[in-house]
Amino acid sequence: MSSLADEPCEACTSDDDPLTGEEYGQYLDDLRTDVWEVVDDHHLHAEYVFEDFRDALEFTYEIGELAEEEWHHPDIALAWGEVEVDMWTHKIDGLHKTDFVMAARMDRIYEGYEPAE
């Protein structure tokens, strides 16, 4: 879906500053605008919709595996037909490019689950 999803997840250091709105704005173009939003210039929030609980559960498992692979863990809330995700870099208490790479990868995973309209 997006070239951002193909970029590496690079860990930040404690010396890095969180991205500003101007800096992260370029990455938003590569995310699904119907799913993701930036909240208070601090974190990404997503609401993914599914046809049933099973798809939501399987998607949650897949993004959990991605998080373990990259050692970058979102907050995930699973409900019937919905998965909410909050993503930010705890080390800098704000947004880093890696958060957007992970979000783009989640969007790519979601392509296999998105309900038909």
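The figures follow:
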| quantity | calculated |
| --- | --- |
| Selected residue (criterion: least open to solvent (accessible area, probe 1.4 Å)) from residues of region 14-31 that are touching a residue at least 40 places away in the same chain (Cβ under 8 Å) and not in a helix (DSSP H, G or I) | L31 |
| Test: D86 is closer than 20 Å to T98 by Cβ and acidic (D, E) | yes |
| Exclusive hit being in a loop (DSSP other than H, G, I, E, B), farther than 16 Å from A11 by Cβ and acidic (D, E), set D86, D34 | D34 |
| Residue check, G112 of a type outside the set (D, E, K, R) and open to solvent by 40 Å² or more (accessible area, probe 1.4 Å) | yes |
| Search result, residues across region 44-103 that are open to solvent by less than 70 Å² (accessible area, probe 1.4 Å) and hydroxyl-bearing (S, T, Y) | Y48, T60, T89, T98 |
| Index of the failed condition, D55 passing every other in (1) under 15 Å from the mean Cα position of the chain (by Cα); (2) within 15 Å of E111 (Cα to Cα) | (1) |
| Residues located in region 57-95, provided they are in contact (Cβ under 8 Å) with a residue 40 or more places away in the chain and out of contact with any helix residue (DSSP H, G or I) (no Cβ under 8 Å at 6 or more places or on another chain) | E58, W71, D86, K91, I92, D93, G94 |
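Rundown of residues vs (1) modelled with pLDDT of 95 or more; (2) in contact with a Lys or Arg (Cβ under 9 Å, 6 or more places away or on another chain); (3) under 19 Å from H73 (Cβ atoms), yes/no style:
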position	(1), (2), (3)
M1	no, yes, no
A11	no, yes, yes
P18	yes, no, yes
Q26	no, no, no
D40	yes, no, no
L44	yes, no, yes
E47	yes, no, yes
F50	yes, no, no
D55	yes, no, no
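The values are calculated or read from the model by the stated rules, or taken from the named source; none is laboratory data. Because the structure is predicted, anything quoted here is derived from the model rather than measured. We place every Cβ from the backbone using ideal geometry, glycine too, and count neighbours over all the protein chains shown. When the accessible area is computed, the model is the full protein with side chains, heavy atoms only, and any ligands, DNA or RNA have been set aside. Shrake-Rupley method; radii C 1.70, N 1.55, O 1.52, S 1.80 Å.
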